[in-house]
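The values are calculated or read from the model by the stated rules, or taken from the named source; none is laboratory data. All values derive from a computational prediction rather than experimental measurement. All Cβ positions, glycine included, derive from the backbone under ideal geometry; neighbour counts span all protein chains shown. We work out accessible area using only protein heavy atoms, side chains counted, and drop any ligands, DNA or RNA first. Shrake-Rupley method; radii C 1.70, N 1.55, O 1.52, S 1.80 Å.
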Amino acid sequence: MTTLALVKLWELDEAWPAVLPLVSDACARTDRFTADDVLGWLKDESMQLWCALDPDVRAVCVTEVLTYPKRKVLSIVILTGDDRAHWAEHFDELCAWADAQDCTGIEALARPGWAKVLSPVGFRTTHVRIEKELSHAV
């Protein structure tokens, strides 16, 4: 049976080698940050690391509590792993933790396929990010 665990700061050094391949893979899909950046944010406790265990790491979720002027939300920064059907059901635990932090919602900037995966647990598509790269002459 899969369980969801919030990795505590004192557990991070031991857990990091097991989650590094998943975090690195997720970071390879963006030009915004690296696995080393994520580790730094986890160590300064500005982000949180969640692991779906069965008993080995099946999935990784990195979150950040964001405070906007009108609300506080738990933002999913990274969500990746294998066999989603066995661990996606644990989002109620993530929601309970967010509620305990006085968050009024959860948000994620994710690839389009996640909208379908997370809709059964109450997520709905509200916005889509579109991007254009600019090249500047030097």
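Summary of computed values
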item	result
For the stretch 1-49, convex hull volume per residue from C-alpha positions, Å³	87 Å³
Mean separation of Cα contacts under 8 Å, 6 or more apart, over the residue count of the chain: relative contact order %	20 percent
Rounded to whole Å, sorted largest first: equivalent-ellipsoid semi-axes of the stretch 60-119, Cα gyration tensor	21, 13, 9
Viscosity 1.567 mPa s, temperature 4 °C, Stokes-Einstein D of the stretch 1-84 from Kirkwood C-alpha radius, µm²/s	98 µm²/s
Probe 1.4 Å, all protein chains present, accessible-area order of Cys103, Cys95, largest first	Cys95, Cys103
Cα-centre dipole for the chain with unit charges at Cβ (Lys and Arg positive, Asp and Glu negative), debye to 20	740 debye
Those GluC sites (Glu not before Pro) in the stretch 1-110 that DSSP places in a loop and that have at most 10 other beta carbons within 10 Å	Glu45
Net lengthening on full extension, Asp36/Asp83 (0.36 nm per residue, minus Cα-Cα)	14.4 nm
Portion, in percent, of the accessible area of the stretch 55-128 that falls on carbon or sulfur, probe 1.4 Å	51 percent
Area accessible to solvent at Ser75, 1.4 Å probe radius, in Å²	20 Å²
Per residue solvent-accessible surface (Å²) - the chain, probe of 1.4 Å	66 Å²
